[in-house]
Structures are given as structure tokens and as C-alpha cells.
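The values are calculated or read from the model by the stated rules, or taken from the named source; none is laboratory data. In this text, all values refer to a predicted model and were calculated from it rather than measured experimentally. Quick reminder, even Gly has a Cβ in these numbers, built from the backbone with ideal geometry, and neighbours come from all protein chains shown. To get the accessible areas, we keep the full protein, side chains included, count just its heavy atoms, and leave off ligands, DNA and RNA. Shrake-Rupley method; radii C 1.70, N 1.55, O 1.52, S 1.80 Å.
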Amino acid sequence: MEIDIKHIAKLAKLSIPDDKVEMFQSQMEGIIEMVENLPDIEMGGALIDPDDTMELREDVVEQSYPRDEMLANAPRMAAGCLLIPKVVD
């Protein structure tokens with residue numbers, strides 16, 4: 001299977017150096033081959049083993065800090081909320 005790593009990188013807005021293209025292409029082909037060899041799972045049955053039940057731990061809050069103390073280290077705040085930089089254009 002031929003995979004165009006440059007095209008995938010362009011769609012993902014990634015910059016891949018020319019000397020790394022072959023390495024990434026062979027790794028991607030290995031991943032695709034591994035996924036194609038996975039066994040099929042019938043979706044009709046349960047995916048959880050009823051004989052092996054999971055025991056979840058109980059969540060316990062051990063220590064609580066005052067809100068003002070936690071927000072004291074925040075670089076920017078407004079109306080009691082953290083202000084973070086915009087990350088999506």
C-alpha cells in the first residue's frame with residue numbers, strides 16, 4: 001500500500017523534513033498493516049467479560065485548598081475565572 005506522507009502532513013498542517021519522509025512512510029505502512037490484521041469483533045455480544053468484573057476504587061478527596069490560594073498563581077484572571085490564550089483560529 002502506497003501512502004503519501006507529504007499529503008497527510010499537509011492535511012495535518014505538519015512540516016516533515018525530506019530526509020524523514022521515508023522513515024515515516026514505512027512506519028505508517030507498518031501501522032496500517034497491523035490494523036488490517038486485527039481480528040473482527042462481532043458487535044452483537046458484550047465486550048466485557050462477565051466473569052471478570054472490574055472493581056472501581058472509591059474517589060476520595062484528601063486535601064482541599066481555598067479558591068483564592070489556587071488562583072493566586074494564575075497569570076491572568078477575570079471575574080474569578082482563568083483567562084487562557086486562544087488556541088483555535
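Numbers at a glance
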quantity	calculated
Tally of residues being open to solvent by less than 100 Å² (accessible area, probe 1.4 Å), at pLDDT below 80 and of a type in the set (A, V, I, L, M, F, W, C) across the range 23-57	1
Residue in the range 30-39 that is over 30 Å from I5 (Cα atoms) and either part of a helix (DSSP H, G or I) or among the small types (G, A, S) (or both) present	no
Within the range 58-89, tally of residues that are assigned to a strand (DSSP E or B) and open to solvent by 100 Å² or more (accessible area, probe 1.4 Å)	1
In the range 1-22, the residues that are among the hydrophobic types (A, V, I, L, M, F, W, C), open to solvent by 80 Å² or more (accessible area, probe 1.4 Å) and part of a helix (DSSP H, G or I)	L11
Residues of the range 15-28 that turn out to be within 10 Å of I5 (Cβ to Cβ) and under 22 Å from the mean Cα position of the chain (by Cα), as a count	5
Residue check, E36 of a type in the set (D, E) and touching a residue at least 24 places away in the same chain (Cβ under 8 Å)	no
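Quick grid of which residues meet (1) closer than 30 Å to I8 by Cα; (2) touching a residue at least 12 places away in the same chain (Cβ under 8 Å):
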| site | (1), (2) |
| --- | --- |
| K20 | yes, no |
| Q25 | yes, yes |
| I31 | yes, no |
| D40 | yes, no |
| D51 | no, no |
| S64 | no, no |
| P75 | no, no |
| A78 | no, no |
| L83 | no, no |
